[in-house]
Each structure stands twice: as C-alpha cells, then as structure tokens.
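Quick note: the coordinates plus some simple rules give every number you see, no bench work behind them. Just so it is clear, the structure is predicted and the values come from calculations on it, not from any experiment. A quick note on method: Cβ atoms are made from the backbone with ideal geometry, for glycine too, and the neighbour counts reach across all protein chains shown.
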Amino acid sequence: ERTRTNGGRWDLVLTSDTLYSLESIPWLVALIQKILADDGICLVAAKRYYFGIGGGVADLIKEVERTGVLEAKVVQIIDDGKSNLREIVRIARRSSIREEYEGGNNNDCNAHKKDDADDDEQKNEAESTPSAVKRKRDQ
C-alpha cells in the first residue's frame, strides 16, 4: 500500500542526519507534529552525539517529550565499533504508541523495557571509555 497523505499529514515520515544543531531540533519536532497523521510514525536516523556542533538523539527525545503530544523511543542502535553510535528513533503520537502495546503482546512491551535498560547500560559504558572521557575533557 502506498503511503498516503490526509490533508497534508503523512503515515510515514523519514529523516536522516537532521540533528546537526540544538537550534534545529525544535523546528524539526514542530514539523513532525504538524505533518504526522494520527496513526503515523516518523523514523529519525541520527548520531547519538554530534561532537563539536551540538545536538543528538537525547536532545531530540527531550524535545519530543516536551510536546506532550508525541512520544519517542530508540528502536535500534547501530554500532560498527569504529565510529559514533547511530540510532533509529521512532516518533508517534502518544495514543498510537499506547494502542500498539495495549492490543499487542505484553512480552513485546517488556522486551522494549529490557532494551531500554540495555541501551542505558551501553550508553554509560560508551561515555566512560578512555576516548569518550578524553573528548569530554577536550571540549
């Protein structure tokens, strides 16, 4: 089925590397909120941190949560072991995310909670590596 538009609102919105500065994040979130259909999803592919220029996935998630209308979740982490971690963030209207879990298997929801805990652990480990500590010191 083709992705449809309903009065300028889309079922699927894709962005990649759109978090290059802290100033761009509120604009991006406002656009997503405006064009995302009630049951639509937005997938944002971005680096966890944009060193030296600001912005990143954590800032995006904070801004999404601030709306009170949208909800964001990291659904995939890409770690090639050589460069900055990349993440895929799923953004949807709060009611869409609730309905997905209410109608689905509770094990899926629990698996996501475990993934969140694993992500936090991985983030803490990544931030404590000698190269990450050196980057923080140099900033």
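For the stretch 42-95, what are the residues that are crowded, with 17+ Cβ neighbours inside 10 Å and of a type in the set (S, T, N, Q)?
T67
List the strands (runs of 3 or more DSSP E) that sit entirely inside the stretch 1-81 and contain at least 2 residues that are over 23 Å from S95 (Cβ atoms).
The strands (runs of 3 or more DSSP E) meeting that bar are 36-47, 70-78.
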